[in-house]
Amino acid sequence: MTPFVPLALFGFLPLVLYLFNRFPAQRAVVVSFVAGYLFLPQPGFGARYYLLQGIPPYEKISALSYCVLVATILFGSKRLSSFQPGWIDLPMLIWCLFCPLAAQFANGLSPISPTTAQIINWGVPYFLGRIYFNDLAGLRQLAVGIFAGGMAYVPLCLLEMRISPTLHLRVYGFHARADFGQTVRYGGYRPTVFLEHGLWVGMWMMTATLLGIVLWRTKVIKKLWNYPVNWLVLVLFVTFLLVKSTGAYLYLAIAIGIWFTSRWLRTPLPMLLISAVISLYLYLGATGELYKIPQVNDFLIASESSTNDRSQSLAFRIANEKLLSSKAQLKMAFGWGDGGGNRIYDASGKDISVTDSLWIIVFGQQGIVGLLTFSTMLLLPSLSFAFLCYPPSTWSNRKVAPAAGLALVLVLYLMDSSLNAMICPVFILANGGLAGLVLKEPETTKTKSIRAALPRRTLAQQR
């Protein structure tokens, strides 16, 4: 570990304070979260610091919450007092308080550490999104910030494809992930830059590409850093293809399909349909019915003799989740807590389980209540945005388009959580912003095209 690790982590607070003093609050939050997520060191080999017992250690993810919350207290006290809870906040409240408390008490474990971790890693970014990005202008700024973050990663991704994914090692003194073999794909390197895994880079670059396409096609911005946005989107898209994340390719295709189909049909049903498919998959996995499907078992058997890396990887993941799901069903309601009871052990007591997916971690530790709350927390703001506030007929409007793009991103994040275990505070920030937007009346008086596309019922209520 190099001296850059403590310098980056503890120097992040004065940097955030400078941003809040130098720029408008919304821009400061966007830059803090995006830059911190993309460039701070991963919490390995001592890159985490325990400040007080019972609270999450100071490391990459928690640093974003700690530092921006401190800056908000010092520079944005009016933002704090403006927060008004609403019905849409209930899933996040249950997720941060009830789920960890119930899981820990049900297993005779201490509730302090997992509860505070859930609050810091999930609740605080959501809360900050609620108070900073609860309007269309704020979500636009967040979408542009994510797109800019993707562009900032372009030269770094291209560099690691050439020299191998070693930037984290060169700067911070250790690899972001111990299994370096997973950085090799299709005869080349899959970049990780300063994230934990190449899959995380793929998900981030997919999100930036999707939002870049939305910003470009709806003419929200025409230039970024004095470069035409259409050329930047092209460069970003090509780089995204080169990061070798096949799952992210599928996500982008689904998102673009939903975007254009919903606008053409003038209905958010495609978004609802893909949300229902994801929810069905989680239900089948949690109940074990997924692993009773003949085609799934045939796939697992065929993959044993397959030479396709992707097929073997998916089969290995499903086989592990089959065992973990069976273990989780023993404590179906509230899970095993954080004591390790959700994992699989051999006769010697060695942990042999592999938890690649966020959904199986949630299900194992916090049961079906936690899994239901987790999925509702991510889907409710997006679906409410599309069904109650801004239908697809308004998505071509320059004010609405960035928020619509972020709503799609959150649906895709839940889809990715059924396969991978990525916690991205920037997405949680967007989740809170959409939730705050849903609680407000649609901004009909500012844009005539929005008003014309709103349901008659909504217009009647405003009159």
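The values are calculated or read from the model by the stated rules, or taken from the named source; none is laboratory data. In this text the structure is predicted, and so the values were computed from the model without any measurement. Don't worry about glycine lacking a Cβ; one is built from the backbone with ideal geometry, like all the others, and counts go over all protein chains shown.
Please tell me if F4 is surrounded by fewer than 19 Cβ atoms within 10 Å (Cβ to Cβ), free of Cβ contacts under 8 Å to residues at least 40 places away in the same chain and aromatic (F, W, Y). Considered against the rule, which asks whether it is surrounded by fewer than 19 Cβ atoms within 10 Å (Cβ to Cβ), free of Cβ contacts under 8 Å to residues at least 40 places away in the same chain and aromatic (F, W, Y), F4 comes out as no.
If I filter region 39-53 for residues that are part of a helix (DSSP H, G or I), touching a residue at least 24 places away in the same chain (Cβ under 8 Å) and among the hydrophobic types (A, V, I, L, M, F, W, C), do I get at least one hit? Yes, region 39-53 contains a residue that is part of a helix (DSSP H, G or I), touching a residue at least 24 places away in the same chain (Cβ under 8 Å) and among the hydrophobic types (A, V, I, L, M, F, W, C). The residues in region 214-254 that are farther than 25 Å from S396 by Cβ and in contact with a strand residue (DSSP E or B) (Cβ under 7 Å, 6 or more places away or on another chain) can be counted, and the count is 1.
For region 136-186, taking the residues that are aromatic (F, W, Y) and touching a helix residue (DSSP H, G or I) at 6+ places or on another chain (Cβ under 6 Å), the one that is modelled with the highest pLDDT is identified as F147. Annotation note: of W87, W95, the sole residue that is of a type in the set (A, V, I, L, M, F, W, C), crowded, with 22+ Cβ neighbours inside 10 Å and out of contact with any Lys or Arg (no Cβ under 6 Å at 6 or more places or on another chain) is W95. Criterion applied to R317, R343 was being within 27 Å of D298 (Cα to Cα), surrounded by 17 or more Cβ atoms within 10 Å (Cβ to Cβ) and at pLDDT below 85, and the one residue passing it is R317.
Residues considered: L215, L210, L234, L158. Of these, the only one that is touching a Phe, Trp or Tyr at 6+ places or on another chain (Cβ under 7 Å) and either without any contact (Cβ under 8 Å) to a residue 12 or more places away in the chain or hydrophobic (A, V, I, L, M, F, W, C) (or both) is L215. Regarding region 371-384, can at least one residue be identified that is more than 28 Å from Y66 (Cα to Cα) and of a type outside the set (A, V, I, L, M)? Scanning region 371-384, I find at least one residue that is more than 28 Å from Y66 (Cα to Cα) and of a type outside the set (A, V, I, L, M), so the answer is yes.
Name every residue in region 325-359 that is of a type in the set (A, V, I, L, M, F, W, C), touching a Ser or Thr at 6+ places or on another chain (Cβ under 7 Å) and either touching a residue at least 40 places away in the same chain (Cβ under 8 Å) or part of a helix (DSSP H, G or I) (or both), in order of residue number. Those that are of a type in the set (A, V, I, L, M, F, W, C), touching a Ser or Thr at 6+ places or on another chain (Cβ under 7 Å) and either touching a residue at least 40 places away in the same chain (Cβ under 8 Å) or part of a helix (DSSP H, G or I) (or both): L358, W359. Quick check on L101: is it surrounded by fewer than 16 Cβ atoms within 10 Å (Cβ to Cβ), outside any loop (DSSP other than H, G, I, E, B) and under 25 Å from the mean Cα position of the chain (by Cα)? No; evaluated as a whole, the condition is false for this residue.
Of the set (1) of a type in the set (A, V, I, L, M); (2) crowded, with 20+ Cβ neighbours inside 10 Å; (3) not in a helix (DSSP H, G or I), all apply to L109 but (2).
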